[in-house]
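Asker: Got a structure for you, questions after.
The values are calculated or read from the model by the stated rules, or taken from the named source; none is laboratory data. These numbers come from a predicted model, not from an experiment. Note that we place each Cβ from the backbone using ideal geometry, even for glycine, and neighbour counts take in every protein chain shown.
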Amino acid sequence: MNAHALTALKLTGIAFGAMSLGLLFMGLGRIVSARIQRRIGPPFYQSFIDVIKCFTKTSITHNFVMDLGIIMALGGLIATAFFVPFANFSVLGSSSVVIVLYLMSIGYLGMAMGVSASGNPNATIGISRALALMLGYKIPFVMVIMAMILTYNSSDLLTYALAQNHGFGSWHIFKYPLGFIAVEIAFQAMVGEKPYDHMIAPAEIASGPMVELSGKYLGIGFLLHAVQLYVETGLIVNLFLGGAQTWYIMMVKMFAVYFTTMCINAVMARYRIEQGIRHLWIWAGSFALLQLVYTRIWG
Amino acid sequence: MNNTIFILGVGAFFLMMIGLYGVLTNRNVFRLILGLGLMETGVNLFIVGASYWKGGKPPILGTVFETKAVDSYADPVPQALVLTSIVIGLGVTALALALMVRLKETTKSIDIIETKEEEVNE
Amino acid sequence: MSPLFLLLLVVMPVGFGLVSLALPKRLSWFLFFFVNILVLGVVFKLKSSTGLTWDLKFNLFSTGAVSLKLAVTHLGWFFLAISSVATILFSMFSLDFNDRKHATFAAPFWMILIGATNGIFLSQSWIAFFFAWELMSWTSLLIIGHGKTPSFKAGIYYYALSFFGTMAMMAGIWLLYHRTGSWDIATTTLRIAADFTTHRSFAMTVTALFAVGFLAKSALFPFHMWPQMAHAEAPDDFSAYLSGIMIKYGIYGLALFVIPVFAMTPKGTMKIISGVPWPMYALAWISAITSVIGTVMAIFTNDMKRLMAWSTVANVGYIGVALSTNSSLGYAAALFHTANHMIFKGSIFAALAAVKFRTGEREMHKLGGLAYVMPITFMTFLLGIIAAAGIPPLSGFNSKWMIFQALFEKKMVFVATVIFFSSTGAFLYLFRALHTVFLGQLSPRFRHVKEAPMLMSFSMIILMILMLIPGIFPGTVTGFFNNILASFGFAPIKTTLNSMTGSTASINGTVIAAVFGLAVLIVFIMFLLGARQHKVAMMDNYTCGEDPEDWKVGPERYHYGYDFYQPIKPLFAWMPLGAVEKLYETLRRSIERFGNLVSSISADGSRLGWTFVIGILIIIVTGVMK
Amino acid sequence: MKYSIFLIVAPLAAAFTIPMLGTYLPRLSKLIAALMLLAGTALSAWLLTAYKAQTVIVIGGWMPPFGISLHVDLLSLISVTAVYGATLMATLYQLFDGQEKKPYFYMLILLLTAALNGMILTGDLFNLFVFMEIAGISSYALIASGNGAAGVRGALKYMIVASLASVAYLAAIAIIYSTAGSLNMATVASGMRDLNPVVGALVVLLILASVFTEMEIFPFNSWVPSAYQGAPSSVSALLSGAVTVAAAYVALRMSYIVFGQGMGDIIRYGKFNVTNILFWLGVITVITGQAAAYAQADAKKMLALSSVAQMGIILFAISIASDLAIYGIVFAVIAHSLSKLLLFMVTGKFVSASGTSHWAKWKGLGRENPLSGGLFLIGALGILGIPLFAGFWGKFSIIGAAFKAPGVSWIGVYIILAATVVEAVYFFRLAHLLFEEPETKPVSIKSSIWFRISTALLAAAIIGIGVYPAPIDKKVRKIPTELSSKNTEGYISTAYRAMGR
């Protein structure tokens, strides 16, 4: 079998792995919030059921842009997932963080395009909020990454992960404590959980982008969120939590990140949109800036 | 300094200043022209005065003064200059007065200040 | 290859332009297209003839000879090539755009402008450069004005700033000449770089004067406001040229003179901040500020052409930042982004021109849903904004990636953060334009709008291909850079057909594209495997079967487009945006007031004598003054 | 060179035939005027091509310094040619495209021509005064020949200021004569430096005041806007295209020969620095002129103030006094003369077609009449000093000269460059307005064949000089050596040779 086909096969595996892992996290996350709210919650495989069901129902579409956008969205995010090292392993060999940051955007753009082609203003409002929020969380996040680039003179995620493989003390969470706080705050916004769930805001804008999606479109919407969780938790683990030598430790660490997020989500209320961004800029931003200044001068 | 020259000089200066005062403080065209005339007279007086020297004879050979020595003549050039300048002054004043009459005819006023939007020339 | 071909590149378009002044409009547009074909042909024939020189020296001043020297340099040829490729597409677009209803008298002037453009990129003497520069300035003013009052108001704003820069440049040229005794660009560059050790303030002055000229042309801070007026008000098909090519003259100038001067300055003569001489560090921040202003203004703009003009300002900011890193990577990144921006912004403006051609609207909230009726235009616009946002696998990503690599190399992380802010902000305004114009509800007014005419669509398709190629194979463009870098004494960059190596990583455009393709394929198969979908009219759902018309909700009112980012407006309230514009307006008004004061002296006849007296006093004062 | 006297005498003689003939044969008299100017242009051009060296022409057998002499050099011949050419153009314009004028009008034009040429050629200070007065009187009358009060008022304003100037000039003559004992420029020049510095300064002050009045230098230019506006366009063109040439020439000659004894050094009388005066007044004039022109709503006033600004630049260049500056001055004067002629001629057409000189009401005139609009654009580009148009070489060399000059003249350059931006704005504002889409259909302009020929010639000259300046350059290059103080063949030595000393 030729090398290219083998790589393609591996990548396909990663794609489905990422989707499943994300769905699993979503199911577990629902249980976590349910327990905090003293409910039992659905079984952990509920998300799988949801997605499969979605794909089997007939759905409505308005035009070709909607199909295009939705496919582009999931495609873009899966392509991003290929670049995130999983347990010190990256099929493609390189995993430049700049590519991850920008490639992720094509997912957002696709989704934005698809749902705004549905012509529902609520969807568009949701997208406009999501994009605005992006302005809030990307800046602190990038500042912290730049601090790492300064240290390692490399923008490869794998380099960062490997550098933390020397025991608990070598984790970046200790090396960049301020940066970690900043990224934790930003992460809350990245995955769109409270207090930064402006995009979905169910009671306000009827779930925003999801409002017009039905059937397999909604299913792809679920998968989008799943892959997004995989990519973003994976990023955090690789950046701060020491990466992982084995696949199960990686999964545990990733879930730990998501777990924290769900806990915060369960107890917070939603900000107003400009409050949210300002909060991100002021808190996450200043922590990140301090980290960057520190690294630039003494690091 | 010679008395006569002094008087001529001061007189010329004051004439010019009076004329200048007239030009500065008036907007009536007629008075402006008068002021200019005074200044011109002043300056003519100044030129004539500049060539004066006590005992200078009119620079005309073989006349009643019967002076043969060129040294004793007054300089004739300034007088020629003044004559020319008076003629020119006359011309200018005449033209100015003619313009004033035109102004009076067209605007019923001899005030130099523009009063309204005026018609234009191609 | 005869050197006369160089002259031909300049004279031929100008000549055709002058001839076509007498021709009917339609014919002149054909001639315009024809001229561009010729230019492109000659340019590509010149490819291998670097160093070919045409020189006309004539003794004009008693002080020395004036030389009009044209030559092919690596840098010049690169700019010439990308601009003529872009121009021919724009001209093909214009051919259909200027139908009976839309035709302007721009074609003859545009031809002259193309001659001037070629002249700028070919000039090797400052005199020739200045000639071409000025020719370009006023012809472009006439095109931007194109007989419309608001357009001219925008154009004269552009022209005033640009002319200010030109005048500064003229002063700089003379200072250079007096110091070096040469009009030659390469010679003077070397000399002035050496002068930084001995005649510091002189060299700084000269460089600053040139920098003002180039900053004004490339709309960097504090000249950043003219594109939003000029680009917005120019003829729609010309906006593409304006934003794609004309704004790059300043970049070319910076790359030709200012940056090499600092790069060649002997070490230790200037204070170094973050690995670059301080004036370049200042340039980095100027550019960064420009990009932030451009971004924030674009986010809150409702006029689609104005929005894209602000986006151009932001992109020029990136290019400026890249140039200011004073490294081969940064220089290459700037050139790369210049080329990419030329194509992607050109195609965005082309798409907008097509929209305006069909709808006649410029305010975005009045449009909407045009993707469903103009798919090719939509695809062009979509690829354009993907490239503009720097999303792989399109061309914009590669150059942005390179810019970041250059910044990382010099550890200019704070500038990089600011640039990243603008880059993220770009998503906001680009998506806003995409949504408000092409997505959302299609207004019934535009239900019967047709796809853009054939030639327009055809040129847009080519533009799309041109955006994809450098994204997947960055080497197609970066391959030219090493010669250019070598000619300015920079080290070469590592690049192959599909990959580029930066300071902290290397990327492979082909791999990214292939991976993305694979991911999309996977999803597409999943999509096909899912249950069938059926098409439903847009207004048929969400209202649960009620007729939205009963609630007085038509598609126009259902289109979320006006004041799109109103919720986040308070976040930017503290920014002193528009302060520079206000300053200029104050200046303009002061000049007018001063002029009125001066002319009021002469209007009042009773002050005539006084003016004379005061004049004598002024003579006395200036006479005894030291 | 001895025919140079005809440059003054012939128009004067022709001028006096007109009132005689005019009553009975008005057409013939007009023809005489036109032919006279044509002949004068040809003669001056011929003299220019035949020029070898500076000469002094003694008039009436009275040797200088007692008699009046004419002094012919290259610069004066170029200026005379420019004056003749400009007058010819303006006259043709008036004859074929202007309002019907009485023969006296043409007499005045001839008189003005004679006077301007006299101003340029004369070597005697008092003679200069006389010619200045003749030029003045004929211009007042010409300005007032426009119909309506504006012309009369403009003429009166000019007359008042110019009379003050002539008083100042006469006073200066009195002082010079009583101290130096002669009015011949060369003699005075060699005596000026020996004067008591205070007296010298006083003389310079008074003469400069009067020359500046003619040359439209701020603040002696308070008459300019009204006079240009009130005058018929042909006269405005004359004022701008011919009178300024002569005035600039006189200013240059005064500064370099009479005050400075040859170009090159800083001219100083005690603490009184003449170069400084020229420099600052030049700069101030540019600033005020451009700003005032920018604020004007009246096209003719705007063009008038633009002339003012151009004169400011020329005065500034005179203060630099280097080879390159002289070079620039000549080019700038020629370009200004050509462009302003063209602009005033076209503007005159616009005014007569639209019935107003408020440019804001000219929207679309050029669109309807592309020829006139295009000519206006060419004129504007010529004035602005855009490359490939005549004004460029002048402005370019003046700027270069200023940067090379020692001292503070570089400040002035930056100011002038900044003011040029204002100039560009107001010229393009108007040039483009002509091509804007009007609300109502604009009137179309009828023009005679002569208008087309003469404007085409002017436009061709503007572009021709801009593209191919070599022929003029070849002539102009000799001027700095002629004016140089180091050159033994300079003005004073030539004059002295003629005197037999």
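Asker: Considering every residue within segment C:206-218, establish whether at least one is under 21 Å from C:A350 (Cα atoms) and either out of contact with any Ser or Thr (no Cβ under 7 Å at 6 or more places or on another chain) or not polar (S, T, N, Q) (or both).
Answerer: yes
Asker: What number of residues within segment C:153-183 satisfy the criterion of being surrounded by 20 or more Cβ atoms within 10 Å (Cβ to Cβ) and not in a helix (DSSP H, G or I)?
Answerer: Adding up the residues that qualify gives 1.
Asker: When you scan segment C:242-278, how many residues do you find that are surrounded by fewer than 23 Cβ atoms within 10 Å (Cβ to Cβ), in contact (Cβ under 8 Å) with a residue 12 or more places away in the chain and either part of a loop (DSSP other than H, G, I, E, B) or assigned by TED's automatic domain parsing to the domain that holds C:R306 (or both)?
Answerer: Residues flagged as surrounded by fewer than 23 Cβ atoms within 10 Å (Cβ to Cβ), in contact (Cβ under 8 Å) with a residue 12 or more places away in the chain and either part of a loop (DSSP other than H, G, I, E, B) or assigned by TED's automatic domain parsing to the domain that holds C:R306 (or both) within segment C:242-278 amount to 8.
Asker: Still on this structure, please answer the following. Taking segment C:573-590 as the search range and keeping residues that are part of a loop (DSSP other than H, G, I, E, B) and surrounded by 12 or more Cβ atoms within 10 Å (Cβ to Cβ), which one is farthest from the other protein chains (Cβ to nearest Cβ)?
Answerer: Here is the first cut: in segment C:573-590, the residues part of a loop (DSSP other than H, G, I, E, B) are C:573-578.
Now narrow it down to the ones that are surrounded by 12 or more Cβ atoms within 10 Å (Cβ to Cβ): C:575, C:577-578.
Numbers: C:M575: 13, C:L577: 16, C:G578: 20 Å.
Here the answer is C:G578.
Asker: Sticking with this one: Test A:A226 against the criterion of being small (G, A, S) and without any contact (Cβ under 8 Å) to a residue 24 or more places away in the chain, and give yes or no.
Answerer: Criteria not met by A:A226.
Asker: Identify, please: which residue in segment D:280-296 is facing chain C (nearest Cβ under 7 Å) and more than 13 Å from D:E423 (Cβ to Cβ) and is, among those, surrounded by the most Cβ atoms within 10 Å (Cβ to Cβ)?
Answerer: D:L281
Asker: Check whether at least one residue in segment C:207-215 is surrounded by 24 or more Cβ atoms within 10 Å (Cβ to Cβ) and either without any contact (Cβ under 8 Å) to a residue 12 or more places away in the chain or over 26 Å from C:G578 (Cβ atoms) (or both), and report yes or no.
Answerer: yes
Asker: When the residues of segment C:301-324 are narrowed to those that are modelled with pLDDT under 90 and among the polar types (S, T, N, Q), which ends up nearest to C:I247 (Cα to Cα)?
Answerer: Among residues in segment C:301-324 that are modelled with pLDDT under 90 and among the polar types (S, T, N, Q), the one nearest to C:I247 (Cα to Cα) is C:T301.
Asker: Yes or no: D:S182 more than 18 Å from D:V308 (Cα to Cα) and either modelled with pLDDT of 90 or more or more than 7 Å from chain B (Cβ to nearest Cβ) (or both)?
Answerer: Details: more than 18 Å from D:V308 (Cα to Cα): yes; either modelled with pLDDT of 90 or more or more than 7 Å from chain B (Cβ to nearest Cβ) (or both): yes.
Answer is yes for this residue.
Asker: Here's another thing I want to ask about it. If a residue must be over 21 Å from C:A426 (Cβ atoms), at the interface with chain C (Cβ under 7 Å from one of its Cβ atoms) and among the small types (G, A, S), how many such residues does segment A:118-148 contain?
Answerer: 1
Asker: Quick one: which residue in C:V43, C:V72, C:V66 is closer than 21 Å to C:M92 by Cα and in contact (Cβ under 8 Å) with a residue 40 or more places away in the chain?
Answerer: Numbers: C:V72 fails: closer than 21 Å to C:M92 by Cα; C:V66 fails: closer than 21 Å to C:M92 by Cα.
Testing whether each residue is closer than 21 Å to C:M92 by Cα and in contact (Cβ under 8 Å) with a residue 40 or more places away in the chain leaves just C:V43.
One line per residue, one yes/no per condition, for (1) aliphatic (A, V, I, L, M); (2) in contact with a strand residue (DSSP E or B) (Cβ under 9 Å, 6 or more places away or on another chain):
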position	(1), (2)
C:A203	yes, no
C:L209	yes, no
C:L220	yes, no
C:Q228	no, yes
C:D237	no, no
C:L242	yes, no
C:Y249	no, no
C:L254	yes, no
C:P260	no, no
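Asker: Now for a different question. State yes or no: is C:G595 modelled with pLDDT of 90 or more, crowded, with 16+ Cβ neighbours inside 10 Å and assigned to a helix (DSSP H, G or I)? Reasoning before the result, please.
Answerer: Working: modelled with pLDDT of 90 or more: yes; crowded, with 16+ Cβ neighbours inside 10 Å: yes; assigned to a helix (DSSP H, G or I): yes.
Against the criterion (modelled with pLDDT of 90 or more, crowded, with 16+ Cβ neighbours inside 10 Å and assigned to a helix (DSSP H, G or I)), C:G595 qualifies.
Asker: Okay, next question. Can you find even one residue in segment D:148-156 that is in a helix (DSSP H, G or I) and among the charged types (D, E, K, R)?
Answerer: We begin by selecting, within segment D:148-156, every residue in a helix (DSSP H, G or I); these are D:149-156.
Cutting the leftovers down to among the charged types (D, E, K, R) gives us D:153.
Taking every residue of segment D:148-156 in turn, at least one turns out to be in a helix (DSSP H, G or I) and among the charged types (D, E, K, R).
Asker: Hey, another quick one. Looking only at segment D:97-120, decide whether some residue is out of contact with any helix residue (DSSP H, G or I) (no Cβ under 6 Å at 6 or more places or on another chain) and at the interface with chain B (Cβ under 7 Å from one of its Cβ atoms). Please lay out each step first, then the result.
Answerer: Pass one, segment D:97-120, residues out of contact with any helix residue (DSSP H, G or I) (no Cβ under 6 Å at 6 or more places or on another chain): D:99-102, D:104-105.
Okay, now just the ones that are also at the interface with chain B (Cβ under 7 Å from one of its Cβ atoms), so D:99.
Yes, the conditions are met somewhere in segment D:97-120.
Asker: Consider segment A:253-270. How many of its residues are buried (at least 20 other Cβ atoms within 10 Å of the Cβ) and not β-branched (V, I, T)? Quick ask: steps written out before the conclusion?
Answerer: Residues of segment A:253-270 buried (at least 20 other Cβ atoms within 10 Å of the Cβ): A:253-255, A:257-258, A:261-262, A:265.
Narrowing further to those that are not β-branched (V, I, T): A:253-255, A:258, A:262, A:265.
The total comes to 6.
Asker: In addition: Which condition breaks for C:P393 when tested against (1) at the interface with chain A (Cβ under 7 Å from one of its Cβ atoms); (2) assigned to a loop (DSSP other than H, G, I, E, B); (3) out of contact with any Lys or Arg (no Cβ under 9 Å at 6 or more places or on another chain); (4) closer than 23 Å to C:T510 by Cβ?
Answerer: Among (1) at the interface with chain A (Cβ under 7 Å from one of its Cβ atoms); (2) assigned to a loop (DSSP other than H, G, I, E, B); (3) out of contact with any Lys or Arg (no Cβ under 9 Å at 6 or more places or on another chain); (4) closer than 23 Å to C:T510 by Cβ, the lone unmet condition for C:P393 is (1).
Asker: What's the number of the condition C:M464 fails, among (1) at pLDDT 90 or above; (2) farther than 18 Å from C:A333 by Cα; (3) within 10 Å of chain A (Cβ to nearest Cβ)?
Answerer: That leaves (3) as the condition not met.
Asker: How many residues does segment C:552-572 hold that are in a loop (DSSP other than H, G, I, E, B) and touching a residue at least 12 places away in the same chain (Cβ under 8 Å)? Give the derivation first.
Answerer: Filtering segment C:552-572 down to residues in a loop (DSSP other than H, G, I, E, B) leaves C:552-565.
Narrowing further to those that are touching a residue at least 12 places away in the same chain (Cβ under 8 Å): C:554-556, C:558-565.
Of the residues in that region, 11 qualify.
Asker: If you don't mind, there's one more thing I want to ask. A:T151 versus (1) surrounded by fewer than 24 Cβ atoms within 10 Å (Cβ to Cβ); (2) β-branched (V, I, T); (3) within 7 Å of chain C (Cβ to nearest Cβ); (4) part of a helix (DSSP H, G or I): which is the lone unmet condition?
Answerer: A:T151 satisfies all of (1) surrounded by fewer than 24 Cβ atoms within 10 Å (Cβ to Cβ); (2) β-branched (V, I, T); (3) within 7 Å of chain C (Cβ to nearest Cβ); (4) part of a helix (DSSP H, G or I) except (3).
Asker: Still on this structure, I have one more. Name the single residue, out of those in segment D:139-156 being more than 7 Å from chain B (Cβ to nearest Cβ) and at pLDDT below 90, that is nearest to the chain's Cα centre (by Cα). Step through it out loud before you land on a result.
Answerer: Residues of segment D:139-156 more than 7 Å from chain B (Cβ to nearest Cβ): D:139, D:142-143, D:145, D:154.
Next cut, at pLDDT below 90 only: D:145, D:154.
Working: D:S145: 21, D:G154: 19 Å.
Filtering segment D:139-156 for residues that are more than 7 Å from chain B (Cβ to nearest Cβ) and at pLDDT below 90, the one nearest to the chain's Cα centre (by Cα) comes out as D:G154.
Yes/no matrix, rows are residues, columns are (1) touching a strand residue (DSSP E or B) at 6+ places or on another chain (Cβ under 6 Å); (2) within 11 Å of chain A (Cβ to nearest Cβ); (3) crowded, with 20+ Cβ neighbours inside 10 Å:
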site	(1), (2), (3)
C:F458	no, no, no
C:N483	no, no, no
C:A519	no, yes, yes
C:V523	no, yes, yes
C:A531	no, yes, no
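Asker: Sticking with this structure for a sec: Starting from segment D:1-13, take each residue that is touching a residue at least 60 places away in the same chain (Cβ under 8 Å) and list its partners that are of a type in the set (K, R), counting only C-beta distances under 9 angstrom and pairs at least six apart or across chains.
Answerer: Hits for this filter: D:M1/D:K52.
Asker: For segment A:13-28, check the following and say yes or no: at least one residue is surrounded by 17 or more Cβ atoms within 10 Å (Cβ to Cβ), facing another protein chain (nearest Cβ under 8 Å) and under 23 Å from the mean Cα position of the chain (by Cα).
Answerer: yes
Asker: Just one of (1) touching a helix residue (DSSP H, G or I) at 6+ places or on another chain (Cβ under 6 Å); (2) within 7 Å of chain C (Cβ to nearest Cβ); (3) on the phi < 0 side of the Ramachandran plot trips up D:E437, so point out which.
Answerer: Evaluating D:E437 over (1) touching a helix residue (DSSP H, G or I) at 6+ places or on another chain (Cβ under 6 Å); (2) within 7 Å of chain C (Cβ to nearest Cβ); (3) on the phi < 0 side of the Ramachandran plot leaves (1) as the failure.
Asker: I would also like to ask the following. Could you check segment A:52-70 and list, in sequence order, the residues that are closer than 25 Å to A:L11 by Cα, buried (at least 22 other Cβ atoms within 10 Å of the Cβ) and among the β-branched types (V, I, T)? If you could, list the steps in order and put the result at the bottom.
Answerer: First pass over segment A:52-70, keeping only residues closer than 25 Å to A:L11 by Cα: A:52, A:54-55, A:67-70.
Then drop every residue that is not buried (at least 22 other Cβ atoms within 10 Å of the Cβ), which leaves A:54, A:69-70.
Matches in segment A:52-70: A:I70 only.
Asker: Within segment D:355-402, count every residue that is buried (at least 20 other Cβ atoms within 10 Å of the Cβ) and in a helix (DSSP H, G or I).
Answerer: 28
Asker: Which of the residues that make up segment C:568-582 are within 19 Å of C:A216 (Cα to Cα) and either more than 24 Å from the chain's Cα centre (by Cα) or among the charged types (D, E, K, R) (or both)? Before the answer, list the steps.
Answerer: If we filter segment C:568-582 for residues that are within 19 Å of C:A216 (Cα to Cα), which is where we start, we get C:577-582.
C:E581, C:K582 - these are the residues of segment C:568-582 that are within 19 Å of C:A216 (Cα to Cα) and either more than 24 Å from the chain's Cα centre (by Cα) or among the charged types (D, E, K, R) (or both).
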